[in-house]
Amino acid sequence: MSVIKDEKLLHSTIKNIDQKIDKLNDQKIIAFFDALGLTERADVPKDFLKWGTILVVVPDRHISHELKYYKYSISRLSFVTNPNAREIHIFDFNEWKNVTRNKTQFQIREFLKTNYGGVRHHMDRLN
């Protein structure tokens, strides 16, 4: 005997509420990216809402610290600091996980110099 009177109704109600929450969270993500000026840039993918989790790559710790509040108030966002980046970029977090899996911190740091928003500085290329 179950404590819940109508389990199917409960599950469908919860599913319906979760869908509404997801739509509201999508609106939060769009508002956040608008505030950062990302939706106006040509290099930012337009289908980012289809990604499960969005990786936001920031160029320094100051920006990361400034955006820390949004990391906790908007679900589906993850942040990485890439000191080789010149501006904020977004990527599919699943891609990031696949690329960095089984890599050491050193390998990831080297990888970030030319990927995920990283641009090697002119002096680095001479060495």
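List of remarks:
- Residue list for the range 56-85, filter: under 21 Å from Asn25 (Cα atoms), hydrophobic (A, V, I, L, M, F, W, C) and surrounded by fewer than 20 Cβ atoms within 10 Å (Cβ to Cβ): Leu67, Ile74, Phe79, Val80
One line per residue, one yes/no per condition, for (1) touching a His at 6+ places or on another chain (Cβ under 8 Å); (2) of a type outside the set (Val, Ile, Thr); (3) more than 15 Å from Val80 (Cβ to Cβ):
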{"position": "Ile29", "(1), (2), (3)": "no, no, yes"}
{"position": "Asp34", "(1), (2), (3)": "no, yes, yes"}
{"position": "Thr39", "(1), (2), (3)": "no, no, yes"}
{"position": "Lys46", "(1), (2), (3)": "no, yes, yes"}
{"position": "Leu49", "(1), (2), (3)": "no, yes, yes"}
{"position": "Leu55", "(1), (2), (3)": "no, yes, no"}
{"position": "Pro59", "(1), (2), (3)": "no, yes, no"}
{"position": "Ile63", "(1), (2), (3)": "no, no, no"}
{"position": "Lys68", "(1), (2), (3)": "no, yes, no"}
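- Residue within the range 56-71 that is closer than 27 Å to Lys113 by Cβ and among the aromatic types (Phe, Trp, Tyr) present: yes
- Scanning the range 86-108 for residues that are part of a helix (DSSP H, G or I) and surrounded by fewer than 11 Cβ atoms within 10 Å (Cβ to Cβ) yields a count of 3.
- Scanning the range 69-85 for residues that are assigned to a loop (DSSP other than H, G, I, E, B), farther than 15 Å from Phe48 by Cβ and not polar (S, T, N, Q) turns up just one, Pro83.
Only the coordinates and a few stated rules stand behind these numbers; no lab work does. Keep in mind it's a predicted model, so treat the numbers as computed, not measured. Glycine gets a Cβ as well: all are built from the backbone with ideal geometry, and neighbour counts include every protein chain shown.
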